[in-house]
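Written out below as structure tokens is the structure these notes cover.
The values are calculated or read from the model by the stated rules, or taken from the named source; none is laboratory data. As the structure is a prediction and not an experimental result, all values here were calculated from the model. Glycine also receives a Cβ, built like all others from the backbone with ideal geometry; neighbour counts cover every protein chain displayed.
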């Protein structure tokens, strides 16, 4: 169970990095996207075969992520997911032509060392303890302020981006804002994975529908899609993608 979770996490890293690089390539060929016109934004995205290919790859990464959260505690899973930044930096450099700095190359080595330490620290844990979900009140107490802060920060970044004679944005504000949204999304994914079971599918489906997790995942997924694609079109993938859901 333990090594199955590690393997699924590494597979999710490959799928997520590949999917976002494909989307970034597709976004370079699309007209400028705006969060003020979400319907037009989604129409442009759905008309791009390359973007759809990237989205399907991300969906496969989401399936792998569900398997990870059923096998590993969320803290350990997130530690392994960070190793995907190494693959992302390599792919963004080779495929997208984004230049990596000396500090980024140094961080790649540090991440690989950290990955080894995280894997070495893993121990087999009780499956029920790993799958345990938080009470709805606790979840909402964390989710609502995080979502509010993310939306306000993204709006602030958008207002600065519209100013004349502005300097090109590095994307840090966009990355933090989207990271807050997708952080809540990761909690929702963890909750969904904890309620999924194949022993009694009707009962599991009913429990899932009665929980806040699928609805929170839907809200953060749609909102994150609109916000992240505009940011990904304007900024380096290596800045935006680390905030993606995982």
On the given criteria, is residue 30 in contact (Cβ under 8 Å) with a residue 60 or more places away in the chain and farther than 20 Å from residue 92 by Cβ?
-> no
Matching residues, region 199-218, being without any contact (Cβ under 8 Å) to a residue 24 or more places away in the chain and in contact with a helix residue (DSSP H, G or I) (Cβ under 8 Å, 6 or more places away or on another chain) | 204, 207, 208
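For every residue, the table says whether it meets (1) under 26 Å from residue 223 (Cα atoms); (2) modelled with pLDDT under 85.
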| residue | (1), (2) |
| --- | --- |
| 53 | yes, no |
| 70 | yes, yes |
| 78 | yes, yes |
| 82 | yes, yes |
| 88 | yes, yes |
| 95 | no, yes |
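Yes or no, residue by residue, for (1) more than 16 Å from residue 76 (Cβ to Cβ); (2) surrounded by fewer than 16 Cβ atoms within 10 Å (Cβ to Cβ); (3) at pLDDT below 75:
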{"residue": "102", "(1), (2), (3)": "yes, yes, yes"}
{"residue": "119", "(1), (2), (3)": "no, no, yes"}
{"residue": "123", "(1), (2), (3)": "no, yes, yes"}
{"residue": "144", "(1), (2), (3)": "yes, yes, no"}
{"residue": "154", "(1), (2), (3)": "yes, no, no"}
{"residue": "193", "(1), (2), (3)": "no, no, no"}
Report yes if some residue within region 40-50 is crowded, with 20+ Cβ neighbours inside 10 Å and over 23 Å from residue 154 (Cα atoms); otherwise report no.
-> no
Of the listed residues (33, 10), the one being surrounded by 15 or more Cβ atoms within 10 Å (Cβ to Cβ), at pLDDT below 90, touching a helix residue (DSSP H, G or I) at 6+ places or on another chain (Cβ under 8 Å) and more than 30 Å from residue 77 (Cβ to Cβ) is 33
